[in-house]
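The structure appears below as structure tokens.
Taken together, the values in this text are just the output of simple stated rules run on the coordinates, not laboratory data. Small disclaimer: the values here were computed from a predicted structure and weren't measured. Note that we place each Cβ from the backbone using ideal geometry, even for glycine, and neighbour counts take in every protein chain shown.
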Amino acid sequence: MYTRLQAIADTLDRLAEMSGRIIAWLTLAMVLTTATIVMLRYLFQTGSIALQESVTYLHATVFMLGAAYTLKHDGHVRVDIVYQKLTPYARAWIDLLGTLLLLFPVCIFMLYTSMSYVTAAWVIQEGSREAGGLDGVYLLKTAIPLMAILLLLQGCSLLIRKLLVITGHPASPRQDSDLDREL
């Protein structure tokens, strides 16, 4: 049972790691697009609404779809003053309760409330309100439930690992070097 739970957590971690690494490349695209916008504006006195909107789309996509990767790497904001002084057992309980009482309910709420919003955008193939803007607003809105799903999956991995610690089976997360070999 221990190894099966560990394998499930490893698979979920691999998904977060892979999606995070792919999404990270969008930050480079965002920087290059921003540089292009600045050069167009100051060197050629011209602009592009589509390019400006693409920076917003890229930023939103990185933020939303990178949240599970950040959770996997314990990069979210936390009040660490007390937490860092606790035993691994106590930290596992805090993380477990935080996952069950905060992360899961918020993700389920986001998933539930966003579905009609996203569905409506897909039905009308919602595009930009600006002339010359991007037509894929419905695609951007799809990132909302995707974020909730990715966070739920990574939360399941976190939950499994914390349950293993609580039950006396230290769950060692896979090393990033192991994931590098697999990716």
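At-a-glance table
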| read-out | value |
| --- | --- |
| For the chain, the longest site-free run once trypsin sites (Lys or Arg not before Pro) in DSSP loop states with at most 10 other Cβ atoms within 10 Å are removed | 1-84 |
| The chain - charge dipole about Cα centre, Lys and Arg +1 at Cβ, Asp and Glu -1, debye rounded to 20 | 360 |
| Compactness of the chain as Cα Rg over 2.2 N^0.38 Å, two decimals | 1.25 |
| Contact order relative to length of the chain, as percent, for alpha carbon pairs under 8 angstrom and 6 or more apart | 33 |
| Span-like helix ranges in the chain, DSSP H, alpha carbon extent 30 angstrom or more, Kyte mean at least -0.5 | 2-44, 137-166 |
| Eligible lysines near Lys162 by straight Cα distance, threshold 23 Å, same-chain separation 8 or greater | Lys72, Lys85 |
| Kirkwood-based Rg to Rh ratio, segment 92-147, C-alpha trace | 1.22 |
| Other-chain or far-sequence residues with amide H under 5 Å of Ser128's (modelled H) | Leu134, Asp135, Gly136, Val137 |
| Segment 1-91, Rg to Rh (Cα coordinates; Rh as Kirkwood inverse mean 1/r) | 1.21 |
| Using a Förster distance of 25 Å, the FRET efficiency for Cys156-Thr34 (Cβ separation, nearest 0.05) | 0.10 |
| Theoretical ellipticity at 222 nm over the chain - DSSP helices of four or more residues, -39500 (n - 2.57) apiece, nearest 500 | -25500 deg cm²/dmol |
